[in-house]
Amino acid sequence: MKFILVLFGLLAVGVFGQSGNVKGKIKEGSTPAPGVNIYLMETPFGTVSDNSGNYILRGIPPGKYRIRFSSIGYATKFVSIEIEANRTIELDVVLENQIIEVDEVEVLGKRERAVNDTRTSILDLDPKSAKILPGAAEDVLRTLQSLPGVLAPNDFSSQLVVRGSGPDQNLIIMDDVEIFNPYRLYGVISMFNPDAVSEVNLITGGFPAKYGDRLSAVLEVSNKEGDRFDKFKGSLNASIVSANVVVEGKNPFNINGSWMLNSRRTYYDLILEPIVKNAGLVEDNVSFPSFYDIHAKLVLGPFKGHKFILTGINSEDGVKVVSSKERKTPDSVNVQNLTKNNVISLSHQFTPTKTFSNKIIASWYTNDGGGSVESEFLDPTLNRKDFENAIPDTLAPYLLGFRVKSNFTFQKYSLSDKLYYYWGDNLFEAGAGVDFLKTIIDFNFDLDPELKAIFSANPGLRTTLNSLRDVKNYNRYNVYLQNNFELTRQFYIQPGIRFDHFQILNKTYAAPRISISYGLDDLTTIRAAWGLYYQSPGYEKLRDQNTFYDLTENYTRDLQAEKSIHYVLGIERWITSEWHLRVETYYKDFQNLIVQEIAKGGNYFTERIPGGDPHSITGWTRPVRNIGDSLTQIPVNNSFGESYGFEFLLEKKNNERESKLSGWISYSYAFANRYQRKDIIPFAFDQRHTVNLVGNYTLNETWEFGFRWQYGSGFPYTEPVGLKPRILLLEQDNDGKAETPVIATRASYANPTSADVIFDIDYGNRNRFNARKPAYHRLDIRVTAYSNFWNYDWTFYLDIVNIYNRSNVVGYSYFVKDDLTIGRETNSMFPILPTIGFSVKF
């Protein structure tokens with residue numbers, strides 16, 4: 001133990017290791033072999049292959065082992081492997097037929113989570129689910145959105161809303177590297193390629209001390225290593241929306257280890273572009289959004305306990321849109337944007353014994369991009385239907401101009417170390433790390449005067465469009481300790497503590513945490529967790545935050561890190577060998593939440609003159625200045641909140657040879673509120689009821705059918721409270737100063753000789769969330785056909801999103817009617833959307 005403490009003191013960096021896993025597929029020739037017993041010799045670890053021949057063994061201490069594969073009708077096979085901390089080894093096995101006579105065979109399987117795993121709220125996703133889940137677009141994050149406690153902001157986003165917390169409060173890690181922006185195509189899909197992913201774990205609450213700088217949840221994605229047995233193998237997957245190829249094999253020249261290379265390209269530009277061009281919105285030579293990535297992984301070793309892993313990722317999304325002169329709408333747009341994500345990491349893992357392992361990781365990650373938007377669009381208070389097929393030369397008085405140029409760079413160098421040590425029946429983990437961050441933002445906005453007036457009339461919008469340039473260089477340091485104690489064979493406790501120093505705040509925080517698990521019997525386990533969590537401000541969180549803060553030094557010196565306290569209690573039970581039930585309740589207490597500072601400002605208002613014509617300025621009093629509240633970009637700790645709820649998950653697994661049905665039913669009952677200025681404000685994604693029904697049925701060796709039905713009660717939104725005349729400030733002495741407030745007027749398109757008052761939609765406080773959208777529900781189906789020809793395994797599928805074409809509401813657009821009432825247009829999410837595709841393994 002003294003050796004561990006001395007070594008830990010010498011290591012300045014760290015995040016700790018875990019046990020290892022082994023998974024793979026068992027075949028007889030090219031045919032899957034279900035019901036095969038897999039046993040790790042001289043250990044309690046064992047399982048059985050499912051109907052597709054797949055198996056997985058989890059939570060194995062590092063070391064060298066022999067695995068036995070046995071089943072009636074096959075020759076028993078033994079394979080030697082070396083398990084390494086925090087890694088999943090891919091081990092595929094081909095069994096040979098053998099005719100034998102037996103009287104009786106007893107097959108014993110192992111529970112997926114052992115009682116000594118004290119983690120609560122963990123959702124362990126098989127990457128295969130991302131490949132077959134209907135409506136998920138073969139995307140890892142979209143697949144997670146079908147699990148309890150996890151929501152999608154809308155159909156167009158792959159972001160995760162977890163238990164009442166925004167996407168910015170989720171820590172996302174890929175192969176030991178923190179990722180700031182895991183999205184592609186502006187959030188439509190994620191960077192995680194399911195064909196290259198080996199393991200996905202989402203912890204929705206009560207996560208242990210090894211994770212930090214986030215308030216809500218942790219998503220950890222591990223990409224698979226290349227095949228260690230074949231020289232070359234691969235797969236190709238193509239559909240009308242994307243294509244990706246994966247090739248892998250063992251290292252040449254008899255060097256221990258493997259290599260893997262995968263590349264992906266999306267074709268949304270080929271789907272959306274023809275639609276928009278046919279509508280006359282863009283020129284024929286416009287290029288719509290496209291995305292590609294290249295991911296390589298090289299593994300060297302193990303060599304006498306040493307193993308080296310080099311990972312590199314390069315990706316790019318781009319868009320260029322220019323409006324056509326012959327467009328059918330009054331709007332025009334010129335958009336150019338390019339975003340890049342790059343990752344390089346090198347790790348060294350040293351495992352000299354089965355009880356000790358140490359891993360050092362050095363990484364570089366950058367997310368940068370830039371672009372420009374120039375647009376003229378119809379005044380949003382007008383009814384667009386009145387301007388259909390309008391002559392462009394007559395539209396100038398009704399258009400508003402908007403221009404923005406942006407550049408950003410989020411760069412991080414990290415050095416960390418993680419180690420663990422088994423002492424007796426206990427597991428000690430410790431580590432430390434440092435991140436060197438550089439963030440650069442440069443946003444320049446240029447608005448037409450009338451557009452500025454609209455934002456001035458709506459303080460909730462005003463501050464999002466102030467120009468800002470800032471360069472920040474700062475570091476984050478962390479140290480943590482935790483130990484999993486075995487009190488009895490059925491009772492485990494894991495206390496831990498984490499220390500974080502956020503240089504951007506020049507403050508240090510201690511975060512104690514504890515989790516326990518207790519096995520009531522061999523099939524039932526109770527788990528509970530409590531912990532403190534802190535999150536620092538930073539421009540790197542801007543993509544998920546959706547609020548633009550000024551984090552220059554003047555405004556950060558008095559800030560505190562945001563804080564949350566988690567309380568989680570759950571019970572899970574295996575009802576049968578295939579039916580698994582989990583029930584959890586949670587409470588999250590949010591403190592020191594960062595919001596925009598509210599300052600006193602000057603607004604102008606006018607009142608209706610009794611009997612006057614409201615369409616004419618003579619029907620209104622002269623505008624006068626009024627002292628009111630105005631939002632700024634200054635961050636302050638002026639809010640707190642809470643989220644709490646109950647989750648139910650009933651899962652059916654294919655653990656028996658004749659099983660054909662798998663899937664799950666989940667229900668969540670949740671509340672998420674924020675408290676600000678004595679007001680209770682529901683969180684933007686406060687969804688009271690959420691239901692997921694997911695099923696997959698194997699008809700035979702060729703056909704498979706899947707479905708997913710989702711239901712969610714409506715998200716809150718803010719309805720307008722009325723109308724108000726638009727007020728402008730005009731110059732009087734040509735001295736460049738706006739001095740006199742006047743009511744804005746404009747000629748009506750229907751009556752060019754008039755001078756009607758221009759009205760703006762009055763939302764009051766846009767964060768009131770005084771109404772709820774209609775309930776959301778959607779049914780997706782997927783039909784899959786498996787075949788083998790040319791000696792390759794082929795998969796063909798038809799995936800249909802929203803098969804009954806439900807019009808789910810993403811938001812509303814409001815406009816002013818001629819009778820001075822408010823009109824409303826509904827903006828919908830995905831309509832019915834079919835996709836076809838295929839994959840082949842070679």
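The values are calculated or read from the model by the stated rules, or taken from the named source; none is laboratory data. From a predicted model like this one, the values you see are computed outputs, not experimental measurements. Positions of Cβ are backbone-derived with ideal geometry, glycine not excepted, and every protein chain shown enters the neighbour counts. We work out accessible area using only protein heavy atoms, side chains counted, and drop any ligands, DNA or RNA first. Shrake-Rupley method; radii C 1.70, N 1.55, O 1.52, S 1.80 Å.
Structure values in brief
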item	result
Restricting segment 753-787 to residues that are under 24 Å from Val694 (Cα atoms) and of a type in the set (Gly, Ala, Ser), the residue that is modelled with the lowest pLDDT	Ala785
Residue match in segment 550-565 (condition: part of a strand (DSSP E or B), free of Cβ contacts under 8 Å to residues at least 60 places away in the same chain and farther than 30 Å from Asp522 by Cβ)	yes
Complete set of residues in segment 665-678 that are touching a residue at least 24 places away in the same chain (Cβ under 8 Å) and surrounded by fewer than 20 Cβ atoms within 10 Å (Cβ to Cβ)	Ile665, Tyr667, Tyr669, Phe671, Asn673, Tyr675, Gln676, Arg677
Sole residue being at pLDDT 85 or above, open to solvent by less than 70 Å² (accessible area, probe 1.4 Å) and more than 30 Å from Pro182 (Cβ to Cβ), chosen from Phe428, Phe408	Phe428
Where Trp530 falls short, out of the listed (1) within 21 Å of Asp168 (Cα to Cα); (2) open to solvent by 30 Å² or more (accessible area, probe 1.4 Å)	(1)
Residue check for Asp793: open to solvent by 70 Å² or more (accessible area, probe 1.4 Å) and among the acidic types (Asp, Glu)	no
Conditions (1) at positive phi; (2) under 32 Å from the mean Cα position of the chain (by Cα): number failed by Val434	(1)
Complete set of residues in segment 200-222 that are outside any loop (DSSP other than H, G, I, E, B) and open to solvent by less than 10 Å² (accessible area, probe 1.4 Å)	Val200, Leu202, Ile203, Ala217, Val218, Leu219, Val221
Filtered residues of segment 533-551 (kept if open to solvent by less than 30 Å² (accessible area, probe 1.4 Å) and among the charged types (D, E, K, R))	Glu540, Lys541, Asp544, Asp550
Top-ranked residue in segment 679-725 [being hydrophobic (A, V, I, L, M, F, W, C), in a loop (DSSP other than H, G, I, E, B) and over 24 Å from the mean Cα position of the chain (by Cα); ranked as surrounded by the most Cβ atoms within 10 Å (Cβ to Cβ)]	Val721
Residue check for Ser616: surrounded by fewer than 16 Cβ atoms within 10 Å (Cβ to Cβ), more than 23 Å from Asp629 (Cβ to Cβ) and out of contact with any helix residue (DSSP H, G or I) (no Cβ under 7 Å at 6 or more places or on another chain)	yes
Hits in segment 412-425 - residues which are open to solvent by 20 Å² or more (accessible area, probe 1.4 Å) and either on the phi > 0 side of the Ramachandran plot or among the charged types (D, E, K, R) (or both)	Gly424, Asp425
Asp124 being out of contact with any Gly (no Cβ under 8 Å at 6 or more places or on another chain), open to solvent by 10 Å² or more (accessible area, probe 1.4 Å) and at positive phi	no
From the options Gly205, Gly212, Gly249, residue that is out of contact with any Leu (no Cβ under 9 Å at 6 or more places or on another chain), at pLDDT 90 or above and closer than 30 Å to Gln535 by Cα	Gly205
Enumeration of residues in segment 796-812 that are touching a Ser or Thr at 6+ places or on another chain (Cβ under 9 Å) and open to solvent by less than 50 Å² (accessible area, probe 1.4 Å)	Tyr797, Asp799, Ile800, Val801, Asn808, Val809, Val810, Gly811, Tyr812
Long-range neighbours under 8 Å by Cβ, at least six apart or interchain, first residue closer than 25 Å to Phe685 by Cβ and in a strand (DSSP E or B) within segment 786-813, second open to solvent by 40 Å² or more (accessible area, probe 1.4 Å) and of a type in the set (Gly, Ala, Ser)	Val809/Ser828; Val810/Ser828
Matching residues in segment 813-842 - criterion: being farther than 30 Å from Lys724 by Cα, of a type in the set (A, V, I, L, M, F, W, C) and open to solvent by 30 Å² or more (accessible area, probe 1.4 Å)	Phe830, Ile832, Leu833, Ile836, Phe838, Phe842
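For (1) at pLDDT 90 or above; (2) part of a strand (DSSP E or B), each residue gets a yes or a no:
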{"position": "Glu540", "(1), (2)": "no, no"}
{"position": "Phe548", "(1), (2)": "no, no"}
{"position": "His580", "(1), (2)": "yes, yes"}
{"position": "Lys588", "(1), (2)": "yes, yes"}
{"position": "Leu593", "(1), (2)": "yes, yes"}
{"position": "Gly601", "(1), (2)": "no, yes"}
{"position": "Ile627", "(1), (2)": "no, yes"}
{"position": "Gln633", "(1), (2)": "no, yes"}
{"position": "Phe640", "(1), (2)": "yes, yes"}
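Table: residues versus (1) assigned to a strand (DSSP E or B); (2) in contact (Cβ under 8 Å) with a residue 24 or more places away in the chain.
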{"residue": "Pro34", "(1), (2)": "no, yes"}
{"residue": "Thr43", "(1), (2)": "no, no"}
{"residue": "Thr47", "(1), (2)": "yes, yes"}
{"residue": "Arg66", "(1), (2)": "yes, yes"}
